[in-house]
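Reviewing the structure listed below.
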Amino acid sequence: MYGEWPVTEQQHAPEPGLENLLSEERRFPPPPDLAAHANATSDLYAWANADRPAFWAEQARTLLTWSTPFSTGLDWSNPPFATWFADGELNAAYNAVDRHVEAGLGDRVAIHFEGEPGDTRTLTYADLQREVSRAANALTALGVGTGDRVAVYLPMIPEAVITMLACARIGAPHSVVFGGFSAEALYSRILDAEAKVVVTADGGYRRGAPAALKPAVDEALAKGPTTVGHVLVVRRTGQDTAWTQGRDVWWHDVVDTASDQHTPVPVNAEHPLFILYTSGTTGKPKGILHTTGGYLTQAAFTHLNVFDLKPETDVYWCTADVGWITGHSYVAYGPLVNGATQVIYEGTPDTPDRGRWWSIIEKYKVSILYTAPTAIRSCMKWGEQWPAAHDLSSLRVLGSVGEPINPEAWIWYRSTIGGDRAPIVDTWWQTETGAIMISPLPGVTTTKPGSAQVPLPGIAADVIDDETHSVPNGSGGYLVITEPWPSMLRGIWGDPDRYVDTYWSRFKGIYFAGDGAKKDEDGDIWLLGRVDDVMNVSGHRLSTTEIESALVSHEWVAEAAVVGASDETTGQAVVAFVILRGDAAGAALPADEVAAQLRAHVAKAIGPIAKPRQILVVPELPKTRSGKIMRRLLRDVAEHRVVGDATTLADSSVMDLIAAGLAAPKA
Ligand code: WT7
């Protein structure tokens, strides 16, 4: 499962001709004016290093408001189960909303919402307080109590953030399921978390048209008995919506009419704030559990310092959907806890045209932009004329997240979007880490295109070899976190053993992230991609095993193997190799028809994001004598390379068979 890490390095090898531009000597010192007023200064590293738990305790005290102050910091007496600030009490929604209103900032804009059709909505912190209070009262009336789980399946509309905060307000952990996931995926997440209520919408706008959401909820709940008592439905598009009397309720009926007065429920710092499912190396997604005090501390600290946020003047925009961890930590929690003004945009970057993002930045004078390399590469492909038509001079810090950013995209982002002025922060972290772990600090770090560079103050990361030794500068290995951190996952929902096995067993007592990395001559960290059976498609995590299971669940398929092949735009793309059952109807159909059917099947089982770019029907799969599929060889085929060493195959003629079968490539 491990040990393939060097393979991914070649994915982001610079194109010929760019060597000069991207030479090792290319360095970008922090802009002097930014450095002079930066929130984070270089002395933070030494301070944090001297006593990490004390450093974080200080951040927890200064960045958050506690209803009961904590007296304990980190408790690591029962590793790998950590607690932080465990005798303190607080409420996440109070910290994100009410305390700003109490501080006299009620009129500050919290959210500039822009719908894809062009409709807008402005929510001040005072508005947000009323909306979140109403939603909290409505959820309570629907039977949600402290500790109950709420599934959230919404488009990127203000109600998504309002719902998350309303859950936090009553201490009901939310489980947000990305709107692009299928009914089946939603169903399994509802079951695993035993959700009491599902919050959804009739639909949302995508690519210029309404896309329905509620039917997927209906389909999910029809699959079998669940713990769901009510479905709370936001009217967003106005499309016809099937209704189950007694179960379904409209948001405008029960939330808009509820009282806007609500007292937030103080919870223990270790009270679950949310569950977020993510793909692992097995077929079953993991419910990553985050708690309240430590998570909020690191979300707020990183948001303030990595983006150098000035809440009075900045306009911040993170393009991630709340269905992902980025949308949790850097849309719903970090920015609001810091009292920021942010933009939320519902739709796609190319609707109505490819200048939409740049027009939003110009319109709201966005000063901090946080997005993903895949989006940057798409914009590069679309051409400079789109950003060039807009005034982007408000931008002063640019962030990247989700996958390694290739140096070409980094340089383009810096020059074309950032006007060679705004520093780039390439932020490495994971659903499990809860918040940013490795990143430059914009006023401190001299940046290098393509490198996430240094662990943040208070974070201890290293690159180690198979024997757990720290590798010397200039070498590669496995990225690990060697000390507990405040926003670390507290476990996998309902499965403590899997938590220990997945993250803490490969290297005893050390958190293994699943990524390969190298240290350069200066000791800066460069991420090289996953070393396990996890793919990264457009910054989204997908499991090879999960897609393989989806494929073999189709009656035509006898066997399937999935690999992540490098892709110019999406980073990696899903390529599947399938063996059809000899007697299956599909065996008689043309290969492209088979591929189309199976792609649709995967979309239904998991969601459109998991659809393979390419499905190849093959007579055999390359396997070792012990029966393990050699994905490395399939990746060679998928990336059109000369197939590597196949001598450990049980039957070495298999690759010839596959090559012969692929002589006429199919799309
Ligand atoms: C995996 C985590 C963190 C929010 C988005 C994805 C990859 C993430 C970077 C980066 C290189 C990165 C890693 C990681 N990744 N950010 N800046 N440079 N790789 O969250 O779905 O939990 O995926 O994304 O492989 O393990 P996620």
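At-a-glance table
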quantity	calculated
Which numbered condition LEU441 fails, given (1) surrounded by 22 or more Cβ atoms within 10 Å (Cβ to Cβ); (2) more than 22 Å from the chain's Cα centre (by Cα); (3) under 28 Å from THR482 (Cβ atoms)	(2)
Options GLY509, GLY477; residue that is modelled with pLDDT of 95 or more and more than 9 Å from the ligand (Cβ to nearest atom)	GLY477
Condition check for TYR277: assigned to a strand (DSSP E or B) and at pLDDT 95 or above	yes
Residue selected from the stretch 290-322 under the condition over 18 Å from the mean Cα position of the chain (by Cα) and among the acidic types (Asp, Glu), by the criterion surrounded by the most Cβ atoms within 10 Å (Cβ to Cβ)	ASP308
Residue within the stretch 575-587 that is surrounded by 21 or more Cβ atoms within 10 Å (Cβ to Cβ) and within 27 Å of MET437 (Cβ to Cβ) present	no
Every residue from the stretch 137-147 that is crowded, with 21+ Cβ neighbours inside 10 Å and out of contact with any Ser or Thr (no Cβ under 9 Å at 6 or more places or on another chain)	VAL144
Breaking point among (1) without any contact (Cβ under 8 Å) to a residue 60 or more places away in the chain; (2) more than 11 Å from the ligand (Cβ to nearest atom); (3) of a type outside the set (Phe, Trp, Tyr), for THR445	(1)
In the stretch 265-289, residue surrounded by the fewest Cβ atoms within 10 Å (Cβ to Cβ) [restricted to those that are of a type in the set (Val, Ile, Thr) and under 30 Å from ALA560 (Cα atoms)]	THR282
Unmet requirement for PHE512, which otherwise passes all of (1) without any contact (Cβ under 8 Å) to a residue 40 or more places away in the chain; (2) buried (at least 23 other Cβ atoms within 10 Å of the Cβ); (3) aromatic (Phe, Trp, Tyr)	(2)
Residue within the stretch 386-393 that is over 30 Å from ARG236 (Cα atoms), in contact with a helix residue (DSSP H, G or I) (Cβ under 6 Å, 6 or more places away or on another chain), part of a loop (DSSP other than H, G, I, E, B) and touching a residue at least 24 places away in the same chain (Cβ under 8 Å) present	yes
Meets criteria (away from the ligand (no atom under 16 Å from the Cβ) and either of a type in the set (Lys, Arg) or surrounded by 21 or more Cβ atoms within 10 Å (Cβ to Cβ) (or both)) for LEU551	yes
Residue match in the stretch 175-196 (condition: farther than 28 Å from SER553 by Cα and assigned to a strand (DSSP E or B))	no
Close pairs (7 angstrom Cβ cut-off, 6 or more residues apart or separate chains): within 19 Å of ALA82 (Cα to Cα) in the stretch 56-69, of a type in the set (S, T, N, Q) and assigned to a helix (DSSP H, G or I) anywhere	TRP56/THR297; GLN59/THR297; ALA60/THR297
Pair list, Cβ < 6 Å and 6+ apart or interchain, from the stretch 116-144 residues that are over 27 Å from LEU105 (Cα atoms) to residues that are part of a loop (DSSP other than H, G, I, E, B)	GLU116/GLU346; GLU116/GLY347; GLU116/THR351; GLY143/GLY229; VAL144/ALA172; VAL144/LYS196
Residue within the stretch 203-216 that is under 28 Å from THR292 (Cβ atoms), touching a Phe, Trp or Tyr at 6+ places or on another chain (Cβ under 8 Å) and either modelled with pLDDT of 95 or more or among the aliphatic types (A, V, I, L, M) (or both) present	no
Residue pairs meeting the criteria (Cβ under 8 Å; at least 6 apart or on separate chains; first part of a loop (DSSP other than H, G, I, E, B), in the stretch 217-242; second of a type in the set (Phe, Trp, Tyr))	LYS223/TYR187; GLY224/TYR187; THR226/TYR187; ARG235/TRP250; ARG235/TRP251; ARG236/TYR205; THR237/TYR205
Hits in the stretch 512-543 (condition: more than 10 Å from the ligand (Cβ to nearest atom), touching a strand residue (DSSP E or B) at 6+ places or on another chain (Cβ under 8 Å), under 22 Å from ASP466 (Cβ atoms) and modelled with pLDDT of 90 or more)	PHE512, LYS518, LYS519, ASP520
Selected residue [within 16 Å of the ligand (Cβ to nearest atom) and within 22 Å of ASP308 (Cα to Cα)] from LEU369, LEU392	LEU369
Considering residues of the stretch 323-351 that are among the hydrophobic types (A, V, I, L, M, F, W, C) and not in a strand (DSSP E or B) only, the residue surrounded by the fewest Cβ atoms within 10 Å (Cβ to Cβ)	TRP324
Residue count for the stretch 581-620, restricted to those that are assigned to a loop (DSSP other than H, G, I, E, B), more than 32 Å from the chain's Cα centre (by Cα) and of a type in the set (A, V, I, L, M)	3
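The values are calculated or read from the model by the stated rules, or taken from the named source; none is laboratory data. Computed from a prediction, not measured in an experiment: that's the story for all the values here. Because the Cβ atoms are built from the backbone with ideal geometry, glycine has one as well, and the counts that use them run over all protein chains shown.
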